[in-house]
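Visitor: Okay, here's the structure, questions in a sec.
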Amino acid sequence: MSEYLFLYRAPSGDSASPEQMQQIMQKWLAWFKDLGEKGRIKNMGQPLETGGKVVSGTAKSVHDGPFAETKDVVNGYTLVETKDLAEAAELAKGCPILDRGGSVEVRPIRKM
Amino acid sequence: MVATLTRVLGVHNLALVEDVVQDAFCRALEMWKFRGVPDNPSAWLMATARNRALDVLRSQRTARKFAPGLGYLLESEWTLAPAVDELFAADAIKDDLLRMMFSCCHPQLAEEARVALMLNILCGFSVDEVASAFVSGHAAIEKRIIRAKKVLARSKHLFNVAVPADFAARLPAVLRALYLLFSEGYHGASRETAVAPNYATKPCA
């Protein structure tokens with residue numbers, strides 16, 4: 001068994017009404033419950049607010065960002081434990097973000 | 001409200017449950033004084049209790065263990081609010097009341113203790129109100145209720161009404177407790193018999 005990180009990205013400009021939001025949250029809950037029952041969740045992780053700070057470079061400059069309109073903004077993460085990368089990717093197919101045109105990046109944890 | 005909160009926070013956190021309920025009612029008193037009673041007071045109270053429960057879960061999730069079986073769902077913002085909402089949904093509430101009634105009929109508690117517990121926790125009776133229902137003194141009833149709550153809090157989890165054998169085994173006790181609950185209301189031997197009929201019709205939480 002190895003650990004893999006799911007990085008969730010929603011399509012930019014994705015918006016939902018409160019009722020839609022509720023339904024979406026229900027789907028996430030159901031998916032997580034399923035993964036939990038299969039013993040695949042190492043750490044369920046957290047959703048992330050858009051809009052934070054980006055600290056970069058040797059100058060250590062601090063800028064506002066990333067912004068919701070930016071492509072490829074990560075809006076949450078989960079740590080799973082599976083047999084291999086193929087199984088992790090297979091599990092990621094159940095993620096509700098895909099129905100909204102988003103994506104799940106599946107990255108193996110690097111053992112240093 | 002108590003029953004659902006106990007399901008969310010865990011029976012071992014019964015004292016915390018009661019704090020949250022108190023909070024909700026205090027908030028109601030403050031808010032309703034200025035803004036008037038809302039159209040749907042019980043929905044307002046439940047929503048307040050739900051929000052307070054979320055606050056408690058968020059601030060104390062490292063310090064405390066909450067409802068068994070829900071653990072990991074309460075640790076992450078992905079699932080915290082929807083999981084709590086599921087438990088506050090109408091059908092779940094009816095199940096919670098039933099579960100709570102069965103839990104109060106704990107085998108280690110005497111019949112009178114079980115009824116006193118149900119009156120206090122589920123029907124929201126003050127110690128004095130329970131005492132007059134039992135034609136007993138305040139101190140004796142208070143001790144009885146405190147001891148009963150300790151026994152309840154020590155049980156590892158709420159009674160599981162879905163297991164047929166356990167359900168059947170405890171049903172006679174629950175029926176008897178309900179009978180006593182209602183018979184005290186109609187034929188209470190207390191001096192204030194005029195007040196007693198109120199008990200039978202008083203809405204349970």
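The values are calculated or read from the model by the stated rules, or taken from the named source; none is laboratory data. What you see is a predicted model, and the numbers here were worked out from it, not measured in a lab. Positions of Cβ are backbone-derived with ideal geometry, glycine not excepted, and every protein chain shown enters the neighbour counts.
Every residue, every condition in (1) within 14 Å of chain A (Cβ to nearest Cβ); (2) under 26 Å from A:Ile41 (Cβ atoms); (3) free of Cβ contacts under 8 Å to residues at least 24 places away in the same chain, yes or no:
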{"site": "B:Leu16", "(1), (2), (3)": "no, no, no"}
{"site": "B:Val21", "(1), (2), (3)": "no, no, no"}
{"site": "B:Pro41", "(1), (2), (3)": "no, no, yes"}
{"site": "B:Ala67", "(1), (2), (3)": "no, yes, no"}
{"site": "B:Trp78", "(1), (2), (3)": "yes, yes, yes"}
{"site": "B:Phe88", "(1), (2), (3)": "yes, yes, no"}
{"site": "B:Met100", "(1), (2), (3)": "no, no, no"}
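Visitor: Report, by residue number, each residue of the range A:4-29 that is closer than 17 Å to A:Lys93 by Cα and more than 9 Å from chain B (Cβ to nearest Cβ).
Guide: A:Tyr4, A:Leu5, A:Phe6, A:Leu7, A:Tyr8, A:Arg9, A:Ala10, A:Pro11, A:Ile24, A:Lys27, listed by residue number.
Visitor: Could you list, in sequence order, all residues of the range B:67-96 that are aliphatic (A, V, I, L, M) and either outside any loop (DSSP other than H, G, I, E, B) or touching an Asp or Glu at 6+ places or on another chain (Cβ under 8 Å) (or both)?
Guide: Scanning the range B:67-96 gives B:Leu73, B:Leu74, B:Leu80, B:Ala81, B:Ala83, B:Val84, B:Leu87, B:Ala90, B:Ala92, B:Ile93.
Visitor: Among the strands (runs of 3 or more DSSP E) confined wholly to the range A:30-112, which include 2 or more residues that are free of Cβ contacts under 8 Å to residues at least 24 places away in the same chain?
Guide: A:52-56, A:61-65
Visitor: Is it true that some residue in the range B:5-19 is touching a helix residue (DSSP H, G or I) at 6+ places or on another chain (Cβ under 7 Å), polar (S, T, N, Q) and in a loop (DSSP other than H, G, I, E, B)?
Guide: no
Visitor: Would you confirm whether or not the range B:142-153 contains a residue that is acidic (Asp, Glu), in a helix (DSSP H, G or I) and surrounded by fewer than 16 Cβ atoms within 10 Å (Cβ to Cβ)?
Guide: Taking every residue of the range B:142-153 in turn, none turns out to be acidic (Asp, Glu), in a helix (DSSP H, G or I) and surrounded by fewer than 16 Cβ atoms within 10 Å (Cβ to Cβ).
Visitor: From the list A:Gly76, A:Gly39, pick out the single residue that is within 18 Å of B:Ala81 (Cβ to Cβ) and either crowded, with 16+ Cβ neighbours inside 10 Å or over 16 Å from the mean Cα position of the chain (by Cα) (or both).
Guide: The match here is A:Gly76.
Visitor: For A:Lys60, state whether it is basic (Lys, Arg), within 29 Å of B:Val84 (Cβ to Cβ), exposed (fewer than 11 other Cβ atoms within 10 Å of the Cβ) and away from chain B (no Cβ under 11 Å).
Guide: no
Visitor: Next up: When residues of the range B:32-42 are filtered for being more than 14 Å from B:Val2 (Cα to Cα) and under 23 Å from the mean Cα position of the chain (by Cα), how many remain?
Guide: Of the residues in that region, 2 qualify.
Visitor: Among residues belonging to the range B:56-77 that are polar (S, T, N, Q) and modelled with pLDDT of 75 or more, point out the one that is surrounded by the fewest Cβ atoms within 10 Å (Cβ to Cβ).
Guide: If we take residues in the range B:56-77 being polar (S, T, N, Q) and modelled with pLDDT of 75 or more, then B:Ser59 is surrounded by the fewest Cβ atoms within 10 Å (Cβ to Cβ).
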